[in-house]
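Everything on this sheet refers to the single structure shown next.
The values are calculated or read from the model by the stated rules, or taken from the named source; none is laboratory data. Please read these numbers as outputs of a predicted model, since none were measured by experiment. Please note: Cβ atoms are built from the backbone with ideal geometry, for glycine as well, and neighbour counts cover all protein chains shown.
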Amino acid sequence: MKKSLVAVSVIVVLGAAWTGASWYTGKLIEQRMGEMVDNANSQLTAYLPNAGVKLSYENYQRGIFSSHVRYVLRSDGNTKNNGALLKAGEELALFETVDHGPFPLAQLKRFNLIPSLASIHTELENTPPVKPLFEITKGKSLFTADSRIAYSGDTSSAIDVIPVEFQKDKSTLKFSGATINADVGSDLKTIVLEGNSDSTVISGPGQSGLIEQVTLQGLTLKSNTHKGQFDLSLGDQKLGLKQLKVAVDGKEVVAMEGLNLASQFGEKDTKLNGQFDYTLDAVKIQGSDFGSGKLLLKIDNLDGKWLKEFATRYNQEAMALLQQSEALDPQAYQQQTSEMLIKNLPLLLKGNPTISIAPLSWKNSKGESTFTLNLNLADPTPDGATTETPDQLLARSVKKLEAALTIPVAMATETTAQAAKLQGYSAEEAQKMAQQQIQGLAAMGQMFKLTTLKDEVIGSTFLYADNQVELNGNKMSLQDFVGLFSMMGGPAEEESAPVPDQPTLGQ
């Protein structure tokens, strides 16, 4: 009997302690909400200055073990901002159910016994701006998120995006859904993401009137990033796609397999460095295997301070230009975009960065072609100097450029023959035509001293430094090198001159 009383007493004490702790945690969460919202608005201002929106919370209903709150995104009231995401009076809202710690009920149901501040279930509300989305999802929130908030403020979230099937006229969308796991630091400076989606199929009539269908399968994302000393994201990211298919009128046109992108960025002192690694396992066009490719691009010695300045200026100007895009024709928009990039480009060169490609390659059953490059850049405007033209900017920016190209004749012939067969030529005709074309190009490259031919490999090496060029071992000034291209373009300007038949090797 005494043991039973002791047990009951312990349970009562623990229950009272849990109740008191849960009530206190709910009060603590309410006190922190203002800080969390202010932090989020600071991030919106920093990264989307022209979005014209502001986050707030309302209708907080605090209970002993759980609470409810509504987070709302509205226009910030700046009527001069034409690029705002929301119009006056519109709102995007998230409804959250908050289970208080130290042992939130939602976490106990999952047998997670780690003490935490709260467990939160989040859903998107059906408001006018997202009403069309809820029509597609048949009244369900497109996503739900279950998050655990530690007492330190760190958040771990499991986000589920529901499957969607939608059809309008002849256009359809079939989305299998997605899962995303996200760990976010309390200061929003460290983020770990992992997500995947099985398939997405989009189909509809193209410009020709035939039904075009794009299929994505096996999309994956892994990201582990943090903010560096210049408030720039550093770390590792991986994006993968198992397969991409394009079909027209039910017939497969293009299939790509094993698309992967991996990036790594870090910093040492005031300099940033990183690399991008692209791989493509296979490309098939109308069933013909065109091979595989890869690219490894490295960037070193980026000055962190000036990279941040470049990103800030470029993003602000790009957003301003985007707001005017409807009033500009595509050519004018493209020209202004190029001018904007050229104007801000010197900022990236302050640290004398280097760029290398080692290699860019394409491989098929007959061989592999490769291209490598090493580029040393320099600040074109030292000591406040200015440049007048893009040509002057380029000349001052390039300190050294070294490149090499190798193309096996058999590999190039195979690719050209496959392309000819797609145009309707027989295998024999395509092979003969491809041999003539590749031999003709090799002969032309040798004639203008742009390429060499050795052991059935077309090659070219290029070195530029101190206004001097070395092309395939032949030294010349930069002006003489540019003159080679003038010679190649010369006959094309004489419209009345007849064009003789070009001989091919082996005839």
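If I ask for residues that are closer than 12 Å to Asn224 by Cα and assigned to a loop (DSSP other than H, G, I, E, B), which ones from segment 165-191 would you list? Residues satisfying the conditions are Gly185, Lys189.
For segment 229-242, the criterion of a residue being buried (at least 16 other Cβ atoms within 10 Å of the Cβ) and outside any strand (DSSP E or B) is satisfied by at least one position. Yes or no: Lys227 under 30 Å from Trp306 (Cβ atoms) and in contact with a strand residue (DSSP E or B) (Cβ under 7 Å, 6 or more places away or on another chain)? So Lys227 fits the description; yes.
Among the residues here, Glu135 does not qualify as of a type in the set (Asp, Glu), under 16 Å from Ser66 (Cβ atoms) and in the same structural domain as Met33 (by TED's automatic domain parsing). In segment 301-312, of all residues being of a type outside the set (Gly, Ala, Ser) and under 9 Å from Gly351 (Cα atoms), the one that is nearest to the chain's Cα centre (by Cα) corresponds to Leu302.
The condition of being of a type in the set (S, T, N, Q), surrounded by fewer than 17 Cβ atoms within 10 Å (Cβ to Cβ), modelled with pLDDT of 95 or more and more than 17 Å from the chain's Cα centre (by Cα) holds for Gln217.
Residues that are exposed (fewer than 15 other Cβ atoms within 10 Å of the Cβ) and over 30 Å from Gly89 (Cβ atoms) do occur in segment 136-156, at least one of them.
The rows are residues; the columns are (1) part of a helix (DSSP H, G or I); (2) in the same structural domain as Leu234 (by TED's automatic domain parsing); (3) among the hydrophobic types (A, V, I, L, M, F, W, C).
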position: Trp306; (1), (2), (3): yes, no, yes
position: Tyr314; (1), (2), (3): yes, no, no
position: Leu322; (1), (2), (3): yes, no, yes
position: Glu339; (1), (2), (3): yes, no, no
position: Thr370; (1), (2), (3): no, no, no
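Report, by residue number, each residue of segment 459-504 that is under 30 Å from Gly367 (Cα atoms), of a type in the set (Val, Ile, Thr) and at pLDDT below 80. Correct list: Thr504 only. Give the number of residues within segment 255-270 that are more than 30 Å from Lys305 (Cα to Cα) and either among the small types (Gly, Ala, Ser) or modelled with pLDDT under 95 (or both). The qualifying residues number 2. Looking across segment 201-225, just one residue is over 23 Å from Pro163 (Cβ atoms), of a type in the set (Gly, Ala, Ser) and assigned to a strand (DSSP E or B), and that is Ser223. Do we find that Leu302 is in contact with a Phe, Trp or Tyr (Cβ under 7 Å, 6 or more places away or on another chain), modelled with pLDDT of 85 or more and either part of a strand (DSSP E or B) or surrounded by 13 or more Cβ atoms within 10 Å (Cβ to Cβ) (or both) in this structure? No, not satisfied. With respect to the stated conditions, Gln264 fails to be closer than 30 Å to Ser365 by Cα and in a strand (DSSP E or B). Of all residues in segment 116-166, those being over 19 Å from Asp99 (Cα atoms) and either more than 28 Å from the chain's Cα centre (by Cα) or touching a residue at least 60 places away in the same chain (Cβ under 8 Å) (or both) number 9.
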